[in-house]
Every structure is written in C-alpha cells, then in structure tokens.
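Notes to accompany the following structure.
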Amino acid sequence: MDNPSPAASSNMTVKTLFDVAPTLIPVIGEDSAFPVRRIYCIGRNYAAHAREMGGDPSREPPFFFQKPRDSIQVVRPGAVVDHPMPPLTKNYHHEVELVVALGSGGRDIAPADALGHVFGYAVGLDMTRRDLQNAMREAKRPWDVGKGFDNAAPVGPIQPVAQVGHPARGAISAAVNGTVRQNADLADMIWSVAEQIANLSQAFELKAGDLIFSGTPDNVGAVGRGDVLTAHVDGLPDLTIRIV
C-alpha cells in the first residue's frame, strides 16, 4: 500500500488524547476574547525597585523570565475575586504591573516599530513566593517555583489601543486593605514598553497572543489570607483580589 502524500497527511484530522482549555482574557468593548500564547515578564524595571531587590539600575541590561500561560487568573472590573494562597510559601508578595498584549510580532523589531504590534493593555499582578524565589536565586537556580505557580498572574480585561492609546505616563499603584503600598508613575520605567518589545524580539520570535508584564515599582510586600489587594493603572479598570 502506498504511503499517503504529505498533502494528504496534513489534511487528516488529529485526535487528541484529552482537551486542554485555552487561556482567554476578555477584551473591553468586544465580544471576542484575547487568547494567551506566552507570558513574558521583565525584572527590576523601576529604578527604586531594582535597588530594593539588590540591583543597580544604572548598569543592568534588561532581563526577562516567563510564567506559564495557565497561571492567568482573570479578574473582571468591579469584582473582588478570591485568590488562593499558594502552598509552600511564608512570604507571599504583590507586584503591580502594566500588562502589554501583542496583536502581532516578529523578530528583531525596531523600537520605533514596536508599539505597532501592541493590541492593548491591562492591569496585572506578578504574584511571587518571595521566600522560594530568593532561595532559588541564592542557589543560582531558575525562579519557576517562585514565579510560575497556579494563579500567579491575576490580570484584568484588555483595553484595546484604539480606546486607551499607549500609556507612557500615569499612576501605577497597589493598595492592601485600602492602604497604598506601591505608588509610582509609568514614566519611571527604566526600559519603555517599546524597548522591552525590541529586546525580547532579539531572543524570541514574538507573536500575537503574547503578554508582557512590564515591571513593578518599589515597595513590594507581603500579603496573607483575608487581605484585599487592589491594583491600579491610570486609564484602565482596577483589579481587586482577596487572598483566601
């Protein structure tokens, strides 16, 4: 019997062993959702936070890590969503971030062209098991156990660029039980959103569906069960979770 041609094989329906649910984020003003492909995060992108974490913002080049896409926890505007306290940690930290959602991508993207690939923006939290992250850092091991756990990336709905533009300045803050802890301006970023996209595209082929968590200000801190955490970026809906 002849082997099927590549063309014929490519048209065959492949049966999967089981279903894997997609990660979808709602888009403000649209019926369609944003499918998440990858989550990139930049480290130490506000000078005061870099110093807080023992870095030197005047000399460090940008560096990135990833979270698994199914670590997303969608938080709709006006809701207070229960956020499970993860296991193994005794020092659980909040990090508020502007999240960049890409609608297209490529390799070696020039900074001048980078914002043209942005679909929209959202408010996010890079939740961190700080004690585990620190232990891995001291042992010179990957940060995954401290950064990439279940529900590690709460995120609000995406606001398309057509509605919000490209936020380059404006307040970014996090409050715990009504008391503001983190408070800065997007203009305080060391590496702009365009520069982050350009740098990432040198190492990876960026594609539609990619998210970039663009860094957190200083005064990251611990939260525990019962605490209510509100993340804010000017021009975007607030995100509120309760640690349970």
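The values are calculated or read from the model by the stated rules, or taken from the named source; none is laboratory data. This is a predicted model, so every value here is computed, not measured. Glycine gets a Cβ as well: all are built from the backbone with ideal geometry, and neighbour counts include every protein chain shown. Please note that ligands, DNA and RNA were not included when accessible areas were found on the heavy atoms of the full protein model with its side chains. Shrake-Rupley method; radii C 1.70, N 1.55, O 1.52, S 1.80 Å.
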Just to be sure I understand, how many residues within segment 74-95 are open to solvent by less than 20 Å² (accessible area, probe 1.4 Å) and closer than 20 Å to Phe119 by Cα? 1
Answer with yes or no whether Gly215 is out of contact with any strand residue (DSSP E or B) (no Cβ under 6 Å at 6 or more places or on another chain) and either surrounded by fewer than 18 Cβ atoms within 10 Å (Cβ to Cβ) or closer than 27 Å to Pro35 by Cβ (or both). no
Return the total of residues in segment 52-73 being open to solvent by less than 40 Å² (accessible area, probe 1.4 Å) and either touching a Cys at 6+ places or on another chain (Cβ under 8 Å) or not in a strand (DSSP E or B) (or both). 7
Subset of segment 96-117 [crowded, with 20+ Cβ neighbours inside 10 Å, over 21 Å from Val223 (Cα atoms) and not small (Gly, Ala, Ser)]: Val99, Val100, Leu102, Ile109, His117
Just one of the numbered conditions (1) within 25 Å of Leu102 (Cα to Cα); (2) out of contact with any Gly (no Cβ under 8 Å at 6 or more places or on another chain); (3) of a type outside the set (S, T, N, Q) is not true of Asp185; which one? (2)
Would you list the strands (runs of 3 or more DSSP E) that sit entirely within segment 135-207 and hold 1 or more residues that are at positive phi, touching a residue at least 12 places away in the same chain (Cβ under 8 Å) and surrounded by fewer than 20 Cβ atoms within 10 Å (Cβ to Cβ)? none
Look through Asp131, Asp234, Asp210, Asp238 and report the one residue that is farther than 23 Å from Pro26 by Cα and not aromatic (Phe, Trp, Tyr). Asp131
